[in-house]
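Everything below concerns the one structure shown next.
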Amino acid sequence: MEASAAVSRIGLAGLAVMGQNLALNIAEKGFPISVYNRTISKVDETVDRAQNEGQLPLTGHYNPKDFVLSLKKPRSVIILVKAGAPVDQTIEALSAHMEPGDTIIDGGNEWYENTERRIIEAKSNGLLYLGMGVSGGEEGARNGPSLMPGGSQQAYGNVQDIMEKVAAQVEDGPCVTYIGEGGSGNFVKMVHNGIEYGDMQLISEAYDVLKNVGGLSNEELAEIFDEWNRGELESFLIEITADIFKVKDEGGEGELVDKVLDKTGMKGTGKWTVQQAAELSVAVPTIAASLDGRFLSGLKEEREAASEVYSGIVGVKSSVDKKRLIDDVRQALYASKICSYAQGMNLLRAKSDEKGWNLNFGELARIWKGGCIIRAVFLDRIKIAYQRNPNLASLLVDPDFAREMVQREKAWRRVVGLAIAAGVSIPGMCASLSYFDTYRRARLPANLVQAQRDLFGAHTYERVDRPGAFHTEWTKLARKSGSRVAALK
Ligand code: NBP
């Protein structure tokens with residue numbers, strides 16, 4: 001075990017799934033690293049792995065002091081522990097041994113306001129701080145994640161060379177960029193996760209329609225998803241979905257996917273995304289539908305009871321042309337996905353405006369092209385859309401995406417119509433289609449809502465034909481004209 005010689009370029013504290021793999025990745029890229037974990041068996045485990053995976057330059061430490069003193073100055077320490085209080089406790093333990101100019105980098109899925117608080121606390125001790133979103137799970141951490149560092153730009157400068165080597169690499173560079181000040185890195189990662197919820201929900205709906213309206217087998221589904229992964233939908237989530245359909249149940253008949261309980265877990269970043277959207281008055285109906293989908297999936301016993309109550313409802317079964325349905329679902333999935341990304345990007349824009357983060361949306365799309373769970377070929381098109389117009393009001397009005405929406409609109413409506421008639425719930429696709437139809441219409445029935453508000457609350461309304469705020473005695477006038485109508489009869 002290394003004693004206190006300052007040999008390592010960087011340190012990492014917190015050696016669960018993410019920390020262990022990121023530490024090995026950093027070591028493999030040639031940066032000597034020190035590691036530490038509260039429970040010391042994980043230190044030994046990581047050191048063993050470093051030996052077994054190629055004698056990597058990684059040294060383990062059993063206490064915060066030795067760990068911190070083993071780092072070259074200015075010191076940079078990545079923390080990868082459970083978000084919340086464990087991060088505060090880890091910072092306290094480590095910062096006791098750190099000096100002004102040293103940096104703390106929290107790589108967890110942290111609430112952005114916690115990061116903003118810690119930036120201020122760190123500053124009062126002369127320390128620099130980064131809140132860095134890390135996406136890609138275990139595999140990404142080991143072989144190349146997407147990294148979203150926000151906070152002190154000086155701190156980023158100290159580790160930029162490491163991060164650029166460690167991140168996933170795509171044709172237009174490493175999947176990392178300095179995101180912005182404050183908690184922007186955590187906020188961007190949170191919205192990334194919200195978009196991920198939306199993608200997973202939409203894919204599960206495509207599966208539901210193909211299976212329960214189209215009657216496709218798991219074998220056919222595997223083939224279709226493999227095929228989709230060679231076209232515009234090419235992405236990590238489509239690829240792994242194809243793989244899932246191929247796995248047989250080793251403990252019984254058929255495929256394993258049919259034996260998995262239909263109850264989705266979650267850790268909270270999707271919920272935060274929807275809460276933030278509500279705070280900022282930004283519509284994110286597809287992401288919200290995916291969150292609701294997870295809530296409802298949790299009511300397994302209630303749903304089973306309700307299915308008995310409504311056992312008579314079988315939906316309208318019509319004969320479907322399988323080939324056409326498959327192609328329609330592909331188009332519906334793509335169009336729904338564009339709406340979901342438009343919502344996520346607009347949420348980021350609203351927060352960026354509020355906080356003055358000056359987020360670069362094209363760069364965000366670029367660093368999501370590799371390493372992370374939502375990595376997809378389609379992100380390149382989002383990058384290009386924002387490069388073409390950084391002030392784009394919505395992806396839906398980018399000329400290329402608008403053309404694609406028009407091309408897919410009919411197929412999308414056919415899928416939604418068929419699913420609704422058959423009684424197959426597709427909340428994400430419906431939410432996306434309604435979002436699209438609402439956004440593209442110059443006139444909405446909001447005139448009636450305004451009139452109602454003015455009638456019962458004197459909230460006033462604006463007119464389409466002249467400026468100003470107006471109030472009308474709706475009830476009085478209605479009664480008067482009502483009696484006039486009666487008199488005419
Ligand atoms: P976990 O979120 O499961 O946390 C386990 C780690 O936290 C262990 O190292 C544990 O130490 C440490 N820890 C806890 Br719990 N309480 C502590 C305390 N009071 N003081 C010091 N250490 C404490 O680990 P993870 O799944 O690797 O995730 C790490 C972070 O990365 C989280 O914020 C997570 O949300 C985020 N993330 C995870 C993934 C993923 O796929 N898992 C993906 C992207 C981001 P111990 O060993 O002593 O108990």
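Every number in this text was worked out from the coordinates using simple rules, so none of it is lab data. Keep in mind that what you see is a predicted model, and the values were worked out from it rather than measured. Every residue, glycine as well, gets a Cβ built from its backbone with ideal geometry; the counts of neighbours run over all protein chains shown.
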>> Need the list of lysines near Lys480 for cross-linking: C-alpha distance under 18 angstrom, and skip anything on the same chain fewer than eight residues off.
In response: Lys489
> By how many degrees, 0 to 90 and rounded to 10, does the Cα axis of helix 184-212 deviate from the longest principal axis of the chain?
Replying inline: 50 degrees
> If r is the Cβ-Cβ distance from Ala393 to Phe470 and R0 is 35 Å, what FRET efficiency results, to the nearest 0.05?
Replying inline: 0.80
> Going by alpha carbons, how many degrees (0 to 90, nearest 10) lie between the helix axis of 399-422 and the longest principal axis of the chain?
Replying inline: 70 degrees
>> Just want the answer: with Cβ charges of +1 for Lys and Arg and -1 for Asp and Glu, which residue in Val7, Gln20, Ser124 is farthest toward the dipole's positive end in region 1-132?
In response: Val7
> Given +1 on the Cβ of Lys and Arg, -1 on the Cβ of Asp and Glu, and no further charges, what dipole in debye does region 35-99 carry about its Cα centre, rounded to the nearest 20?
Replying inline: 160 debye
> Rounded to the nearest 500 deg cm²/dmol, what is the calculated helix-only ellipticity per residue at 222 nm for the chain, with -39500 (n - 2.57) per DSSP H run of length n ≥ 4?
Replying inline: -18000 deg cm²/dmol
> Size of the dipole of region 173-261 about the Cα centre, Lys and Arg at +1 and Asp and Glu at -1 on the beta carbon, nothing else charged, in debye to 20?
Replying inline: 360 debye
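Arrange the following residues from fewest to most other Cβ atoms within 10 Å of their Cβ: Leu347, Leu455. Display every interim value, and only then the final one.
Working: Leu347 25, Leu455 16.
Result, fewest neighbours first: Leu455, Leu347.
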> With axes computed from alpha carbons, what is the tilt in degrees of helix 85-95 against the longest principal axis of the chain, rounded to the nearest 10 within 0 to 90?
Replying inline: 30 degrees
> What lysines sit close enough to Lys337 to cross-link, taking a C-alpha to C-alpha distance under 26 Å and skipping anything fewer than 8 places away on the same chain?
Replying inline: Lys189, Lys211, Lys246, Lys263, Lys267, Lys271, Lys322, Lys323, Lys351, Lys369, Lys383, Lys410
> Peptides 255-267, 40-52: what's the order by average Cβ count within 10 Å, highest mean first?
Replying inline: 40-52, 255-267
> Where the centre of each part is set by its Cα atoms, how far does region 378-394 sit from region 214-288, in angstrom?
Replying inline: 26 Å
> So, how do all the Cα-to-Cα distances of region 211-308 break down into 10 Å bins, in percent, from 0 on up?
Replying inline: 13, 27, 38, 18, 2
>> Under the 0.36 nm per residue contour assumption, what length would be gained going from the current alpha-carbon distance of Glu139 and Arg441 to full extension?
In response: 104.4 nm
> If you average the sequence gap of Cα pairs under 8 Å that are 6 or more apart and divide by the length of the chain, what percent do you get for the contact order?
Replying inline: 12 percent
> Could you give the dipole magnitude of the chain about its Cα centre, charging the beta-carbon of Lys and Arg +1 and that of Asp and Glu -1, in debye to the nearest 20?
Replying inline: 2160 debye
> Which whole number of Å³ per residue matches the convex hull of the alpha-carbon atoms in region 295-346?
Replying inline: 127 Å³
>> Using a Debye calculation, one point per C-alpha and no hydration shell, please list log10 I(q)/I(0) for the chain at q = 0.07, 0.08, 0.10, 0.12 Å⁻¹ in order.
In response: -0.46, -0.59, -0.86, -1.11
> Taking amide hydrogens as modeled 1.01 Å from N in the peptide plane, which residues meet the under 5 Å criterion relative to Leu128, leaving out close sequence neighbours?
Replying inline: Gly101, Asp102, Thr103, Ile104
> What are the lysines whose alpha-carbon lies under 17 Å from the alpha-carbon of Lys42, with same-chain residues fewer than 8 places away excluded?
Replying inline: Lys82
